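Take a look at the structure set out below.
The values are calculated or read from the model by the stated rules, or taken from the named source; none is laboratory data. No experiment lies behind these values; they were computed from the predicted model shown. Note: ideal-geometry Cβ built from the backbone for every residue, glycine included; neighbour counts use all protein chains shown.
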Amino acid sequence: MDTSTTSPSPKGLKGFIARRGIACTIIIALFILLVAANAVYALWEASYNPSFCSLCHIIRPYVDSYRTSQYLDHIHQQANVGCKDCHVTSPIGALKEVAAYVTGNYDNPLTERKMTNDMCLKCHRSYESLAERTAHLNRNPHNSHWPNLRCTVCHKSHRPEENYCAQCHQD
């Protein structure tokens, strides 16, 4: 009869490594990392689809407006401008938005995003080119005495535009 005692196998990660070897453990860890990276990438790509964004009920009215409204958002949709072309966020920012939604820690209605003129001029070239394109108007809003006026003062995406000039001018 053998009276020698064997020590019990280590548990947890140390035990797994001891039983399988470090090379196998590294391969499994790399596989898990690869699967996780692919899942994050797939979610990031899916987030370019408005249908994916509308899964959060708070976003659904904006997506519906983008698809069918008479506002600028629908005009952008018809020109194949995606939501993320204007609503730029990083993967970390997107995770924060998801966390805010899941925890219910968000404003309802959502806080209006502050778009800069630079965002608009990425596609619309320059204020000068806009002034040329609207030169036929009686009072050209893009050739005004307010040269630093933000585009979004007049142009709204998910709601009616505002005629800022009409506050002072009758025509």
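A few comments on the model shown:
- For segment 16-58, a tally of residues being within 20 Å of Asn80 (Cβ to Cβ) and either touching a residue at least 24 places away in the same chain (Cβ under 8 Å) or hydroxyl-bearing (Ser, Thr, Tyr) (or both) returns 7.
- Neighbours by Cβ (under 7 Å, 6+ apart or cross-chain): first from segment 151-171, free of Cβ contacts under 8 Å to residues at least 40 places away in the same chain; second among the hydroxyl-bearing types (Ser, Thr, Tyr) and assigned to a helix (DSSP H, G or I): Val153/Tyr164; Cys154/Tyr164
- The requirement of being outside the structural domain of Asp85 (by TED's automatic domain parsing) and not in a loop (DSSP other than H, G, I, E, B) is satisfied by Glu132.
- Segment 62-79 residues that are more than 18 Å from Thr111 (Cα to Cα), paired with ones that are aromatic (Phe, Trp, Tyr) (beta carbon under 6 Å, 6 or more apart): Gln77/Tyr66
- In segment 122-146, the residues that are within 16 Å of Cys168 (Cβ to Cβ) and without any contact (Cβ under 8 Å) to a residue 60 or more places away in the chain form Cβ pairs under 6 Å with partners that are assigned to a loop (DSSP other than H, G, I, E, B) and of a type in the set (Val, Ile, Thr), at six or more places apart or across chains, as follows: Asn140/Thr134.
- Test result for Asn108, of a type outside the set (Ser, Thr, Tyr), more than 20 Å from Asp64 (Cβ to Cβ) and not assigned by TED's automatic domain parsing to the domain that holds Ser69: no
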